[in-house]
Structures are given as structure tokens and as C-alpha cells.
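Visitor: First the structure, which I've put down as C-alpha cells, then a few questions once you've had a look.
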């Protein structure tokens, strides 16, 4: 039986919403500053096994991004427990972690080190990343000179080639032109099938989700509505999309 690599136990994440930045600053020094509590995630529980490919569906504001932030430890739960086992590569903000003054090649090493790789491991992956990014001689130019598309290509190339054990994709497959998009889709499929990587795929594109995933989780207003096979999950999500609530 496959081991559990992601586990949420009764997880709630509550954000404090203040009227303005001044009140937010004052709240650092005083607990008396008024705020509105917003539950971005409300008492959810689920487990994902090694090698599973799971789609996470929900309209904007459903809590999907908060779930991803907690898995990647950008945010932490207010209540409950989260366990994550394995190296996580998150295709969320593809260009996050880049230093604009470093060259593309230098940023490959920077991102690799942030992911816990040794320099010797990064050297072994360097040519593969450079070839995948397809940005030519710009790889040795400062990232500040790149277009947004070039930065996204490099970000994707780094994240999918650092041998992740858990891959989180949040609408990142819209990178570049049609040919490069197809290349990205093929690469994700390859690492799922070849390396037994666990995939958590967050998207509004149900057709693409069905290409990768056999299971789907549907969220609404911070709550987990359904955890089922991908066809049932898509039907439930599409029903939610059609409603105004």
C-alpha cells in the first residue's frame, strides 16, 4: 500500500482582515485593533498517497491557493495538522525566487539550492534545464533583461527538472506559445509516469485536469465539498460554476 505524502487533519486557516494598512500595522503592537476574521479554509481533511494525481477544483475564493500555500509552508494553519513528506516543487509563481541581477544560469543554481539540491546535483541537471527553457543566449544574461514569457519558461524548466517527489501545478501550463505548452504538458506526464511523482493540479480547465488526474477534490467557500473520482469531481465543479452563488 502506498505511503501517505500529504495529509490534512481538520485544518482551518483564518486570516485577519483590517480596514487599512495603518490598522494592520497597529495590530502588531496592540491586540485591540478591530478586524474581521475570514476563514479561507474551514476544517478540511484529506490524504494523498505517493504517486497519486489529484485535481483541486473550486471557483476563485474557494480556498485552493491557501491549501497550496500551507503545503509549501508559505502559510501555516490556524488550527489542525498538516504533514508533507517529500521534496515539493511548486509551479505557482514561476518566477518567484529569481534574483533579477543574476543571469539565468546563476538563477538555476539559486533555485536549485533553495529546493535543497547540492551544487553537484544542479550541475547534473543544468544542461537539461537550459535546453528545456529554450531561451538561447539569454541564459547568460541578467534576468532583469528577460521578457515575462522568458522568465516563466526558465521558472518552469527549473521546477520540473529538479527531480521533485511532489509536484504542485497551479495554472502554470499556460506558459508560452502552443508548442511550448504542449512540451510542458508532455513533461508533466513524463515525470508522473516515469518517476512516480505525486501531482496536485489546481486548474479551472477540466479537460486538462482529466488528462493528468484520476481523482478530484472540490472546494467551495473554504470547505471541502467532494473528494471523488475525476469524472464526479468535474461534474460537481461544473455545476458550481453554473450557479451564481
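Derivation of every value follows stated rules applied to the coordinates shown; laboratory data play no part. Predicted, not measured: the structure shown is a model, and the values here were computed from it. A quick note on method: Cβ atoms are made from the backbone with ideal geometry, for glycine too, and the neighbour counts reach across all protein chains shown.
Visitor: Nearest 0.05, what FRET efficiency do residue 113 and residue 185 give at R0 = 25 Å with Cβ-Cβ as r? Write down the numbers at each step before the final one.
Guide: On the way: r = 28 Å, r/R0 = 1.12.
Efficiency computed from Cβ-Cβ geometry: 0.35.
Visitor: Can you tell me which of 196, 20, 161 moves the most in a GNM of the chain? Springs connect C-alpha atoms under 10 Å apart.
Guide: Highest fluctuation of the listed residues: 20.
Visitor: How far is helix 119-133 tilted off the main Cα axis of the chain, in degrees rounded to 10, range 0 to 90?
Guide: The angle comes out near 90 degrees.
Visitor: Looking at the chain only, what percent of DSSP beta bridges run antiparallel? Nearest 5 please.
Guide: The answer is about 55 percent antiparallel.
Visitor: Which number do you get for Rg(Cα) / (2.2 N^0.38 Å) in the chain?
Guide: 1.09
Visitor: Additional query: Could you tell me the relative contact order of region 1-151? Use alpha-carbon pairs under 8 Å, at least six residues apart, and round to a whole percent.
Guide: 25 percent
Visitor: Now a separate question. Take region 1-83, compute every pairwise Cα distance, and split them into 10 Å bins from 0; I just need the percent in each bin.
Guide: Values per bin, smallest distances first: 16, 39, 29, 11, 5, 0.
Visitor: Tell me, in nm to one decimal, what length is gained between residue 223 and residue 2 on full extension, where the rule is 0.36 nm per residue of separation less the Cα-Cα distance? Provide the component values of the computation, followed by the final result.
Guide: Working: separation 221, 0.36 × 221 = 79.56 nm, distance 2.64 nm.
Between residue 223 and residue 2, full extension yields 76.9 nm more.
Visitor: Per q in 0.15 1/Å, what log10 I(q)/I(0) does a Debye calculation on the alpha-carbon atoms of region 142-222 return?
Guide: -0.58
Visitor: Quick one: helix 104-114 against the long Cα principal axis of the chain, what's the angle to the nearest 10°, folded into 0 to 90?
Guide: 50 degrees
Visitor: Kirkwood hydrodynamic radius, region 178-236, all distinct C-alpha pairs: what's the number in Å?
Guide: Its Kirkwood hydrodynamic radius stands at 12.6 Å.
Visitor: Right, here's the next one. Considering the chain as a Gaussian network with a 10 Å cut-off on Cα pairs, which listed residue, 144, 24, 123, attains the greatest mean-square fluctuation?
Guide: 24
Visitor: Now a separate question. Calculate how many DSSP beta bridges within region 101-245 are antiparallel, expressed in % of all such bridges and rounded to the nearest 5.
Guide: Beta bridges within region 101-245, antiparallel portion: roughly 60 percent.
Visitor: Moving to a separate point now. Using alpha-carbon pairs under 8 Å, 6+ residues apart, how would you state the relative contact order of region 86-245 in percent? All intermediate terms of the calculation are to be shown ahead of the outcome.
Guide: Values: 202 pairs, mean separation 34.5, N = 160.
Once divided by the residue count of region 86-245, the mean separation gives 22 percent.
Visitor: Now, a different point. How far is helix 148-161 tilted off the main Cα axis of the chain, in degrees rounded to 10, range 0 to 90?
Guide: 90 degrees
Visitor: Tell me, what is the percent relative contact order of region 71-153, built from C-alpha pairs under 8 Å that lie six or more residues apart?
Guide: Result for region 71-153 is 33 percent.
Visitor: Mind telling me which of 46, 180, 29 comes out most flexible in a GNM of the chain, alpha-carbon contacts under 10 Å?
Guide: 29
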